[in-house]
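To start, the structure itself, in structure tokens.
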Amino acid sequence: MNAFSYKNKELHAEQIPVRVLVETHGTPLYIYSHTHLVDQYRALSEAMAAINPFIFYAVKANTNMAVIQAFAQQGAGADVVSGGELYRARRAGVDASKIVFAGVGKSVAEIEYALQEDILYFTVESEPELERISASAQRLGKIGRIAIRVNPDVDPKTHKYTSTGKKENKFGVDLERAVKAYEHAASLPGLEITGVHMHLGSPLMTTAPYVEALEKVRPLCDTLKTRYPSFKHIDIGGGLGINYRSNQNAPTPTEFAEAVVPPLKKLGLTVGIEPGRFLTGNGGILVTRIEYVKQNAFKKFIVADAAMNDLIRPSLYEAYHEVLPVQQSPEMVFGDLVGPICESGDFFAVDRELPDVCQGDLVAIMSAGAYGFVMASNYNSRPHAAEVMVNGTQSECVRKRQTREDLVKGETLPEWM
């Protein structure tokens, strides 16, 4: 189903008019579709059923506990990249035996927290990290299960900030030195070698990078299987793209499975995948109210009450998000959709055909369910937006809007001032 569609010329979130949600919760407002989340998860799980993969939801895409729980209830695990994400996943009901911990800079405190929780394994990014996990495991009397992240040097053909599998990226261990890294791991006490990990970047709009990377890591997997009896798993990461534009054709779950299942079967390993954007991206929108329509000598500026602090992807990645009027209208205008922050980079759309809206009208910024609220800040002392989840005709506020008091919570003034 399309989670957000027009009914009687009014944009709905599933069966609820967006306007009604705004009347209750105000703007800016993130709205998530529970049905979309579940449908995306099931579609991927069913397409990959031939190899019955572990599906670890990439929590960084959207950390709201209601979103995490929606996947946990379907049987998903979690891919976390910080102690905070681990805490969220556990609070949302994800079993620790289904959690994997990635990230290039894990602190001692984070490693010890994960060991005490007894997570499934660490995705290890470097030899020094192996040593740190070993030392922590010995100190706590635990076993640190590890899968080294290898960098297959594959170009994912995506934005340079979200490419993670090339030689110049900070992630993982070069494929050429991976065997020695595993030998080092085997020499350290308190570690158990469970698998290998790779992640190429995001969003990937073709399956070709996955196929190329799997071909590159196959010899390594064959070597590791013969050397380490506990080596039984490959995690191919996430990154599967979505359609941000109507003319895009991101791989469907079936197309993805057709490309990766055959080479994965040949490896004879259990398989993990870490979808994030694919599960949540088109399951969320950011609704904003128009404050002003400003015309200068060069162009028209539509000024919204949402800003780059609410959704930074357009400013950070020059990302495209479709903009739809909540009240459907065919009228369009050429210009910029911008926010109220004191930065020229505070925009959602530049030099584009946009809905011809007036002061007080509502517009929806689409495909905002991934890397939207989760990257929000309080820049310009702007409170965080509220988040709402809908399911059919039901809705629930799953994060309250911040107040001005919330903005200064925890701050104190020095006694000597």
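A short reminder: the numbers here are calculations on the coordinates, not readings from a lab. Fair warning: this is a prediction, and the values are worked out from it, not measured in the lab. As a convention, Cβ positions derive from the backbone with ideal geometry for all residues, glycine included, and neighbour counts pool all protein chains shown.
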>> Sort 321, 36 by Cβ crowding within 10 Å, fewest neighbours at the top.
In response: 321, 36
>> Can you compute the label reach from residue 87? Point 7 Å from Cα along the Cβ direction, backbone N cut-off under 19 Å, restricted to the range 59-73.
In response: 59-69
> Which whole-number percentage describes the relative contact order of the range 168-256, with Cα contacts under 8 Å and a sequence gap of 6 or more?
Replying inline: 35
>> Need one number: % antiparallel among DSSP beta bridges in the chain, to the nearest 5.
In response: 50
> Peptides 43-50, 69-76: what's the order by average Cβ count within 10 Å, highest mean first?
Replying inline: 69-76, 43-50
> Given charges of +1 on the Cβ of Lys and Arg and -1 on the Cβ of Asp and Glu, with all other atoms neutral, how large is the dipole of the range 95-275 about its Cα centre, in debye to the nearest 20?
Replying inline: 180
>> Using +1 at the C-beta of Lys and Arg and -1 at the C-beta of Asp and Glu, which of 407, 368, 96 has the Cα lying farthest in the positive direction of the dipole of the chain?
In response: 96
> Roughly how tilted is helix 178-187, in degrees to the nearest 10 and between 0 and 90, from the longest Cα axis of the chain?
Replying inline: 60
>> Give the aspartates and glutamates whose C-alpha is closer than 13 Å to that of residue 400, dropping any in the same chain fewer than 8 places away, or say none.
In response: 387
> Ordered by packing density, taken as the mean number of other Cβ atoms within 10 Å over each peptide's residues, highest first, how do 94-103, 58-67, 291-300 rank?
Replying inline: 58-67, 94-103, 291-300
>> Per residue, how big is the convex hull of the chain when only Cα atoms are used? Give it in Å³.
In response: 162
>> Could you tell me the ratio Rg/Rh of the range 95-275? Both radii from Cα atoms, Rh via Kirkwood.
In response: 0.98
> In degrees from 0 to 90, rounded to the nearest 10, what is the angle of the helix 208-227 Cα long axis to the longest principal axis of the chain?
Replying inline: 30
> Tell me, 6, 228 in order of fewest to most beta-carbon neighbours within 10 Å?
Replying inline: 6, 228
> Which order do peptides 339-351, 303-315, 402-414 fall in by mean Cβ count within 10 Å, highest first?
Replying inline: 303-315, 339-351, 402-414
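Let me check against my output: what whole-number percent is the relative contact order of the chain, with C-alpha pairs under 8 Å and at least 6 apart?
Worked out over the chain, it gives 19 percent.
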